[in-house]
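Nothing in this text is a laboratory measurement; each read-out follows from the coordinates by a stated rule. Model, not experiment: these values are computed from the prediction. No Cβ is skipped: glycine too gets one built from the backbone with ideal geometry, and neighbour counts run over all protein chains shown.
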Amino acid sequence: MSGLLAAPVLAPVAEVSALSVSYASAGGDVPVLVDVNLRIGAGETVGVVGESGCGKSTLASALVGYLRAGSRIAGGSVAVDGQDIVSGSATTVRALRRHHVGMVPQNAGSSLTPSMRVGRQVVEVLRATRGLDKAAAQAETVRLFGRVRLPDPAGLVQRYPHQLSGGQQQRVAVAIALAAQPRLLVLDEPTTGLDVVTQASVLALFAELRRDLGIALVLVSHDLGAVAAVSDRVLVMYAGRVVESGPVEATFAQPAHPYTRGLLASVARMATPGLPEPMPGTVTGAVDLPGCSFAPRCALAVEECRTGPHPPLMPVVADGADGPPFRSSACLRQNAALAAPAWQGSQRLPRSREPGEVLLEVRGLTVDYRRRPDARSGPTVEGVDLTVRRGEIVALVGESGSGKSTIAWALAGLRTPTSGSLALHDAAAAPGARPADLGQPAARRDPAVRRSVQLVFQNATTALNPRRSVGDAVTRMLTLRGLRKQAARTARDEVLRDVGLDSSFTDRLPGQLSGGQQQRVGIARALAARPSLVLADEVVSALDVSVQASVLRLLDDLRDEHELGYLFISHDLAVVRGLADRVVVLYLGRVCEEGTVEQVFTGTSHPYTRLLISAVLAQEPGSEVPDVVDDKEPESAPPPAGCAFRRRCPLAVPGVCDRVTPPWREPQDGHRIRCHVPLEELEELSAL
Amino acid sequence: MTTASGTLRRSPGRARASRRRWGTSLALGTVLVAVNLLLALAAPLLTSYSPITPDGLAAVEGPSPAHWLGTDSLGRDVLTRVLYGGRYALAVSLSAAAVAIVLGTVLGCLAAYRRGWFDEVLMRLLDAVLSVPAILALLVVVTALGSGGPVIVLAATVIYAPAVIRVVRAAAFSVVSLDYVTAARARGEGFWAILRREVLPNILDVVLVEFAMRCSWIVLLVSSLSFLGFGADPPTPDWGLMVSENRTLLTVTPLSTVAPIVALATLIVGLNLAADGIAKARGIDRIVGGSR
């Protein structure tokens, strides 16, 4: 108990006390937040984690005194600097927002005014909040841009938001929030949607701001790695309640709530191969069930968990007298939760498989979007070679803009390649038949070829027609395959069963499904065509970690069951590590490296692969933000000659790398690296 | 669906409130249009007079048990002509709006789907058509081809289809770029299948609003034309024509002028309310601008 009393003595920057927020709906008030307490001390960083629908964002916006239309405070208060920011007078709220709290909304890019230069957007805030005159505000803007580590601050103020990369937009949004010199900065999903390298550098920025400016940060994220890397304390939310809170290290090392344990176990990790363990079920409403709302998904639940009142937050007394202070957990079976291993390692290890016959053979694929020849740049995708065998998962990794999706679209027949051969050796075709040419657009392909190549999309919500039922979406594919009536119905139910949905889903509309279920329908629709090659474009990146794991397992099951070959596009290296057999690393549409997962991730590698791997955040507690220096201008146009990566490469050899296309080097059988630097030197770099 | 994630989507409370608010205008509009439609269809059952045959003995009479709304200068029953006039107005406007909508939807979707030169050429053509004032274009067509139902329908289509194409194209643009349309293209579906299965169900509300709006504008346009003497030929029972014919008798038998005006007003207000109701209930921005 002494731990609770020893809470920070400094006056809190913000204090949320017994906050309950409800949302008015047709069936009466729906609680979104229930009895949430949070005290943020000066300069403290608090991470808020949980699946979507758990009330994280509601809590974040309540901290700046904003509630979504239709919701209201059912109890409790939010005080910033000792004043109530939610129910205070308009003047008070404005003054608090002006001087004490700042918020960087989710998807910072769309929070910037597109028709105003980014510099002016900061100047505006400076003049309004700090009363600076124009010249001083402009000087301060440049200083702030430097502070958030934007390259060339003086030049950048003149740009429009669309001229910046995603990471730069994020930094501008942070600069706007910092302009008012707040004591508390609320960051809603600040790293979601950014690629690994940018993610790491944005997080490094937060750590730096906190150290140098002493700002308190609230970091709302579903990315446990990000929270682990920069937070002091973590708040785990489930169904509108805080179910566990405590220092990050101790909480993540030895969770005292089964939900925290489940979240941690469902994250794919770089350090260990294999697929993580999925968490069953989905988030329910805060008061839908008697007892603990997590009980239906909990492996440790006992009868009392289901019938009694929702367990209150109780101090965690870990084994031994020197138990970690300030920890609390809302679990009746706290001791059992503490005793269970936090992270059991991958539940499913990769199996060694005999490589099947060659399914897809791409040689020298080039896609050029340029309308007219331009000596300053090269084609978007150039000279890409790819081989996918039956039952093999080949991952295509790289930052955004590396041409991953362009390659998938070319294979799906939605973009016509400029040159190169794309051959599909479909086993379903007559033996000895010529391979199908995938250089043809979809409309001109043979229907059988069209069916054998199927695309699964990143955003399952837009991939399904909102006015077509699940059954209808799947049946359409079957109809195209020539199945009718009873045969189609049987096949439909079979396909849905394959992806783990029972036939009661056939009449539902996509809007009635959860994100994971929608993605399963997307996969079912692809499967219904009986494909031999599945192009999976970032299929799990939009899903919650708990759902990600189960979709990854599904993909893994299906490839064995149907002997599918996958081209798995992803920027998440940990996921790739767990699922794929081979990896192809792309940079600006050029292949840098190719090999098995083990060869690429643990052996000698290309400087770019090194950069990607070093940027991945370890999910383990106590991990540091990787020191990735990536302040350079984003590259959008590939160079006309030489190595595409040379401008960011620490080993670049002037006069060689910018003129000559790098040669392929083969450290091992099947492992190829395209670099001018000799293997010995690369090996030294990889060993660091 | 769980309540927690349900609240993340569209706010159910707000949607219901707006449905309640706009439900009344939709219901009122639908009733007004339905009454007009019913009266027009049942005209032969409701009155025994002929809308065309003159009766010299009963000319210019005030309201009486025999002629509830009196008679006009040729002794025709005003109520009968108003009822039959509804047939004409509805037939012309519904068919013209239907043709304009079908044409506009197909071309609008095609432009959004194809893009490129097709879209470019079509849009420039539409700019040209749209730059001509509606009433002027209609006058030119009527003068060249003569008046009469089919000609008016054709002329109204030519005038209104461009605006429909633009609105539908804009709505279809946002749908065509979505992944489910990409998925349909990847599985080799043709334009018509994509239009029918993927695009149309998702822009149906926009199309419906367009239809109701265009209907009301065409009713007004056709009546204006008849009033000016370029629309329906006498003795056709047309509301605009009736107002024009009887306005000299406004002080003698006011009902012969007021009755067609009231009929016209109820139909137009009804159509507008219905369009507004659909638009607001579905969260579509109402098409602004008047009858052009």
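Computed over chain B with a Gaussian network model linking Cα atoms closer than 10 Å, the most mobile of B:Y84, B:Y180, B:Y160 is B:Y180.
Placing +1 on each Lys and Arg Cβ and -1 on each Asp and Glu Cβ, with no other charges, gives region A:464-529 a dipole about its Cα centre of roughly 260 debye.
For B:R114 and A:N335, a Förster radius of 41 Å and the Cβ-Cβ distance give a FRET efficiency of 0.05, rounded to the nearest 0.05.
Taking neighbour Cβ counts within 10 Å as the exposure measure, how do A:S115, B:S226, A:S165, A:S71 sort from fewest upward?
Details: A:S115 7, B:S226 28, A:S165 19, A:S71 23.
Listing A:S115, B:S226, A:S165, A:S71 from fewest to most nearby Cβ atoms yields A:S115, A:S165, A:S71, B:S226.
The tail of the calculated P(r) for region A:252-321, taken as Cα-Cα distances beyond 15 Å, holds 63 percent of the pairs. Peptide B:186-194 has a mean shielding of 6, counted as Cβ atoms of other protein chains within 10 Å of each residue's Cβ.
Going by a ≥ b ≥ c, the root eigenvalues of the Cα gyration tensor, does region A:476-606 fall in the rounded group (a/c under 1.5), the prolate group (a/b larger than b/c) or the oblate group?
Values: a/c = 2.62, a/b = 1.93, b/c = 1.35.
It comes out prolate by the Cα gyration axes.
The largest-to-smallest principal axis extents of the Cα set in region A:411-556 are 43, 36, 27 Å. On a per residue basis, the convex hull of the C-alpha atoms belonging to region A:197-261 measures out at 89 Å³.
How long are the three semi-axes of the equivalent ellipsoid for region B:181-235, computed from the Cα gyration tensor as the root of 5 times each eigenvalue, in whole Å, largest first?
Working: eigenvalues 339, 28, 8 Å².
Rounded to whole Å, the semi-axes are 41, 12, 6.
For region A:210-327, take the convex hull of the Cα atoms, compute a quarter of its surface area, and give me that in nm², please. Mean shadow area of the hull around the Cα atoms is 9.3 nm². Projecting the Cα atoms of B:A91, B:L138, B:A128 onto the charge dipole of region B:73-144, computed from C-beta unit charges around the Cα centre, puts B:A91 farthest toward the positive end.
Residues B:E61, A:E357, B:E210, A:E494, ranked from the fewest to the most other C-beta atoms within 10 Å, line up as A:E357, A:E494, B:E61, B:E210.
Count, for each residue of A:462-469, the Cβ atoms from other chains sitting within 10 Å of its Cβ, then give me the mean as a whole number. Mind showing how you got there, number by number?
Working: counts 8, 6, 4, 12, 5, 7, 5, 0.
Rounded to a whole number, the mean comes out at 6.
Counting only the Cα atoms, the protein assembly as shown fills a convex hull of 228 Å³ per residue.
Roughly how big is chain A's charge dipole about its Cα centre, with Cβ charges of +1 (Lys, Arg) and -1 (Asp, Glu), in debye to the nearest 20? Before the final figure, lay out each step's value.
On the way: 72 positive and 71 negative charges, 478 e Å.
Once rounded to the nearest 20, the dipole reads 2300 debye.
Dipole magnitude for region A:635-688: computed about the Cα centre from +1 point charges on Lys and Arg Cβ and -1 point charges on Asp and Glu Cβ, it is near 320 debye. Semi-axes of the equivalent ellipsoid for region A:345-487, computed as √(5λ) from the eigenvalues of its C-alpha gyration tensor and ordered from largest down, come to 28, 21, 20 Å. Translational diffusion coefficient of chain B (Stokes-Einstein, Kirkwood radius from Cα pairs, 25 °C, 0.890 mPa s): 116 µm²/s. Compute the distance from the alpha-carbon center of region A:205-246 to that of region A:259-301, in whole Å. Using only Cα atoms to place each centre, the spacing works out to 20 Å.
Give me the percent relative contact order of chain B, please, defined on Cα pairs under 8 angstrom at least 6 residues apart. Please report the intermediate quantities before stating the final value.
On the way: 410 pairs, mean separation 83.2, N = 292.
Taking the mean separation of contacting Cα pairs over the length of chain B, I get 28 percent.
Simple spin-label estimate for A:D212 and A:R484 gives 7.2 nm between the two label positions (7 Å along the Cα-to-Cβ direction from each Cα). Site pair A:D232 and A:S503 shows an inter-label distance of 5.9 nm when each label is modelled 7 Å from Cα along Cα→Cβ. A Förster distance of 35 Å, applied to the separation of the beta-carbon atoms of A:Q163 and B:L139, puts the FRET efficiency at 0.10. For region A:136-186, dividing the convex hull volume of the Cα atoms by the residue count gives 76 Å³ per residue. Note on chain B: GNM, Cα springs under 10 Å; of B:L126, B:L32, B:L178, the largest mean-square fluctuation is that of B:L178. Taking the charge dipole of chain A about its Cα centre, with +1 at Lys and Arg Cβ atoms and -1 at Asp and Glu Cβ atoms, the residue from A:S352, A:V384, A:A250 reaching farthest to the positive side is A:V384. Here region A:40-131 was treated as a single set of alpha-carbon atoms; its pair distances binned every 10 Å from 0 give 13, 39, 37, 11, 0 percent.
Based on the alpha-carbon gyration tensor of region A:95-200, what equivalent-ellipsoid semi-axes (square roots of 5 times the eigenvalues) come out, in whole Å, largest first? Walk me through the numbers before you get to the answer.
Values: eigenvalues 84, 57, 26 Å².
For region A:95-200, the ellipsoid semi-axes come out as 20, 17, 11 Å.
Can you give the FRET efficiency for A:Q440 and B:L94, using 1/(1 + (r/R0)^6), R0 = 45 Å, r = Cβ-Cβ distance, to the nearest 0.05? So, using R0 = 45 Å, E works out to roughly 0.50. Think of chain A as having a plus end and a minus end, set by charges on the Cβ of Lys, Arg, Asp and Glu; of A:L651, A:S400, A:F294, A:S400 sits farthest toward the positive end of this dipole. Taken along its principal axes, the alpha carbon cloud of region B:24-173 reaches lengths of 67, 42, 20 Å, longest axis first. Dividing the alpha-carbon radius of gyration of region B:109-249 by the rule-of-thumb value 2.2 N^0.38 Å gives 1.33.
So for each of A:441-452, A:28-39, A:190-201, A:583-594 I average, over its residues, the number of other beta carbons within 10 Å; can you give me the resulting order with the highest mean first? Can you show the working numbers first?
Values: A:441-452: 18.2, A:28-39: 20.4, A:190-201: 23.1, A:583-594: 25.8.
Highest mean packing first, the order is A:583-594, A:190-201, A:28-39, A:441-452.
Taking label points 7 Å from Cα along the Cα-to-Cβ direction, A:L651 and B:L57 give a separation of 11.4 nm.
Among A:C54, A:C675, rank each residue by its count of other Cβ atoms within 10 Å, from fewest to most, as a rough exposure measure.
Listed from fewest to most nearby Cβ atoms, that is A:C675, A:C54.
Using only the Cα atoms of region A:17-91, build the gyration tensor, take square roots of its eigenvalues as a ≥ b ≥ c, and label the shape rounded, prolate or oblate: rounded if a/c is under 1.5, else prolate if a/b is larger than b/c, else oblate. Here region A:17-91 falls in the oblate category.
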